[in-house]
Amino acid sequence: MTVTGQDTDAIRALQGLADDRSSVRLRAALAVGTTPDPRFVDVLIERSAIEPEFFVRDMLTWALTRHPVSLTLPVLVREVRSERAQARSQALHTLSKLGDRQAWPAITRALLTDADDEVARSAWRAAVVLVPEGEESALAAVLATQLGRGERQTQLSLSRALVALGDVILPALHAATTAPDPRVRAHARATRRLLRDPDARFECAIEEAKRVVALGGSGQEGR
């Protein structure tokens, strides 16, 4: 069998993706994305599931988006059902970058409520990109079940996802302002403020919302 220069480059890139040095892995992912090859798709996805460095993972995602959707989409949809949290998270992140709504059925309630915060955050971002017209309210209702969840960054991610859906989130937010959990009520109020004023800082919005909740606000304002 004749080995071409292109084959040699492919072998070198594949080896580079597994190198101990993150700089080498980054260059290898860049090379793969610069010269897409169907043979790389499975390797890119497998590497995404275990790659420890954020910048390398982002380059792996970019490399995948450079390949035909007909090749990447089926494998990514399969990957969101992986037992490994990072595999699910990275596959969802890549689906959000592809933006192909054929992937929408893969964004399940189980992913939107995944116990792993990074998986859930990736699912929220993918969902607001992929949601079909007319299904925004149903998505908002599911996302609203996660209000009050996690630390500040997780809450900010959820608020941003909800705000991206627009005014359809108002009924779900209003219902959440009467929830028994004060964290849920405060998060709903902060999200509602961000919807009204996208330039508001989340830190300020959440602290203000906490004060209102602590003072026993009724939740009726701003509807």
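Got a sec to turn the phi values of the stretch 175-184 into Karplus ³J(HN,Hα) couplings, 6.51 cos²θ - 1.76 cosθ + 1.60 with θ = phi - 60°, whole Hz, x for Gly and Pro?
After applying 6.51 cos²θ - 1.76 cosθ + 1.60, I find 4, 5, 6, 10, 5, x, 7, x, 5, 5 Hz.
Please work out the ratio of the alpha-carbon Rg of the stretch 113-197 to 2.2 N^0.38 Å and round it to two decimals. It would help to have the intermediate numbers written out before the result.
Working: Rg = 11.6 Å, N = 85, 2.2 N^0.38 = 11.9 Å.
Working it through for the stretch 113-197, the quotient is 0.97.
Rg and Dmax of the stretch 41-88, Cα atoms, in Å?
In Å, with Rg to one decimal and Dmax whole: 10.1, 27.
Where is the GNM fluctuation largest for the chain (alpha-carbon springs, 10 angstrom cutoff): VAL131, VAL24, VAL163?
VAL24
Highest mean first, how do 55-61, 65-71 rank when packing is the count of other Cβ atoms within 10 Å averaged over residues? Kindly include the intermediate steps, with their values, before the conclusion.
Numbers: 55-61: 21.1, 65-71: 14.3.
My ranking of the peptides, most packed first, is 55-61, 65-71.
At a temperature of 10 °C and a viscosity of 1.306 mPa s, determine how fast the chain diffuses translationally according to Stokes-Einstein, using the Kirkwood radius over alpha-carbon pairs as Rh; express D in µm²/s, rounded to the nearest whole number. The partial results should precede the final answer.
Values: Rh = 18.9 Å.
Taking Rh from Cα pairs, D becomes 84 µm²/s.
Need one number: the % of Cα-Cα pairs in the stretch 75-128 sitting beyond the 16 Å mark. Don't jump to the answer; show the numbers that get you there.
Values: 323 of 1431 pairs.
Pairs farther apart than 16 Å: 23 percent.
Only Cα pairs within less than 10 Å get springs; with that Gaussian network setup on the chain, which residue of ILE50, ILE169, ILE107 has the largest fluctuation?
ILE50
Each reported figure results from applying straightforward, stated rules to the coordinates on display, with no laboratory input. This structure is a prediction, so every number in the text was calculated from the model and none was measured. Every residue, glycine as well, gets a Cβ built from its backbone with ideal geometry; the counts of neighbours run over all protein chains shown.
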